[in-house]
Amino acid sequence: APPSVKQHLAAIRMLCDWLVVGQVIATNPAAPVRGPRHVVRKGKTPVLTAEEARTLLDSIPGDTVVGMRDRALIALMVYTFARVGAVIKMRSEDVYVQGRRTWVRLHEKNGKLHAMPCHHNLDEYLHAYIKAAQLTEGKSPLFRTMQGRTGKLSGKPMTQVDAYRMIRRRAADVGIRTKIGNHSFRATGITEYLRNGGKLEIAQQMANHES
């Protein structure tokens, strides 16, 4: 696919740049090569409606620590427009109070940290989960895997695959037939924000997105 070709070409170009800097080769042979033209007019990510997102969150039981974890993770992606990769890298200390308001610190690409204030629903979900899981501030993972079928959390952080399987299972339980994935909640949050009169520039800043 054109996006894959462009990505591979960029990798080759970066490698050759590194070889030029190290004086292994004189010039970068990949520099003048142009990849296929690819312009995205509309994203392919499946997006939920606000009602579907609300139904999904409300359907997750809040009487178990695993349910609280799943609800907090999904809500975090919806309300902060966060990438799943930034969410699963979070540690317990990345949920903190500042100015009487709860904030989250997201671990974005290239080691960048992005702080966001919490929506009141997200505030409630996060603190309920943290209290139930008995998480203390520190470097330990915030969102952890489950120990088999015990209903208890381990000390290992969730992976993107873990998050995807959880999302598909929760969506199936509530009867959502849209083939949503990890990125769907980020897209859903941005879409609903703009639909309710939000500014594109603010959405871009909140999502920590280049474009």
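Could you please let me know if LYS6 is touching a strand residue (DSSP E or B) at 6+ places or on another chain (Cβ under 9 Å) and open to solvent by 70 Å² or more (accessible area, probe 1.4 Å)? Judged against the criteria, LYS6 is not a match. Output the residues belonging to segment 73-100 that are open to solvent by less than 50 Å² (accessible area, probe 1.4 Å), free of Cβ contacts under 8 Å to residues at least 60 places away in the same chain and outside any helix (DSSP H, G or I). Hits for segment 73-100 are MET90, VAL95, TYR96. For the criterion of being modelled with pLDDT under 90 and closer than 22 Å to ASN110 by Cα, ALA187 passes.
Among the residues of segment 181-211, which ones are touching an Asp or Glu at 6+ places or on another chain (Cβ under 9 Å) and without any contact (Cβ under 8 Å) to a residue 60 or more places away in the chain? Those that are touching an Asp or Glu at 6+ places or on another chain (Cβ under 9 Å) and without any contact (Cβ under 8 Å) to a residue 60 or more places away in the chain: GLY198, GLN204. Within segment 40-57, one or more residues are closer than 21 Å to ILE130 by Cα and surrounded by 11 or more Cβ atoms within 10 Å (Cβ to Cβ). If the condition is being surrounded by 18 or more Cβ atoms within 10 Å (Cβ to Cβ) and at pLDDT 90 or above, then segment 107-131 contributes CYS118, LEU122, ASP123, TYR125, LEU126, TYR129, ILE130.
The C-beta contact set for segment 127-152 (first residue in a helix (DSSP H, G or I), second residue small (Gly, Ala, Ser) and open to solvent by less than 30 Å² (accessible area, probe 1.4 Å), distance under 7 angstrom, 6+ apart or interchain) comprises TYR129/ALA72.
Only a single criterion out of (1) of a type in the set (Val, Ile, Thr); (2) in contact with a Gly (Cβ under 9 Å, 6 or more places away or on another chain); (3) open to solvent by 60 Å² or more (accessible area, probe 1.4 Å) is not satisfied by VAL21, namely (2). Taken residue by residue, segment 61-72 has at least one member that is over 15 Å from MET158 (Cα atoms), open to solvent by 70 Å² or more (accessible area, probe 1.4 Å) and in a loop (DSSP other than H, G, I, E, B).
Pairs meeting the criteria (first residue in segment 101-122 and in contact (Cβ under 8 Å) with a residue 60 or more places away in the chain, second residue in a helix (DSSP H, G or I) and open to solvent by less than 50 Å² (accessible area, probe 1.4 Å), beta carbons under 6 Å, at least 6 apart or on different chains) are LEU106/ALA86; GLU108/ALA86; MET116/THR80.
Within the option set THR145, THR136, being open to solvent by less than 50 Å² (accessible area, probe 1.4 Å) and among the polar types (S, T, N, Q) holds for one residue only, THR145.
Of the numbered criteria (1) modelled with pLDDT under 85; (2) assigned to a loop (DSSP other than H, G, I, E, B); (3) buried (at least 16 other Cβ atoms within 10 Å of the Cβ), the one GLY198 fails is (3). Checking the conditions here, which among THR178, THR159 is touching a residue at least 40 places away in the same chain (Cβ under 8 Å), of a type in the set (Val, Ile, Thr), exposed (fewer than 15 other Cβ atoms within 10 Å of the Cβ) and within 15 Å of ILE74 (Cα to Cα)? Answer to the selection: THR159.
The values are calculated or read from the model by the stated rules, or taken from the named source; none is laboratory data. Source: prediction; values computed, not measured. Heads up, the Cβs are rebuilt from the backbone with ideal geometry, glycines too, and the neighbour counts pull from every protein chain shown. Protein only, heavy atoms only, side chains kept; ligands, DNA and RNA dropped before computing areas. Shrake-Rupley method; radii C 1.70, N 1.55, O 1.52, S 1.80 Å.
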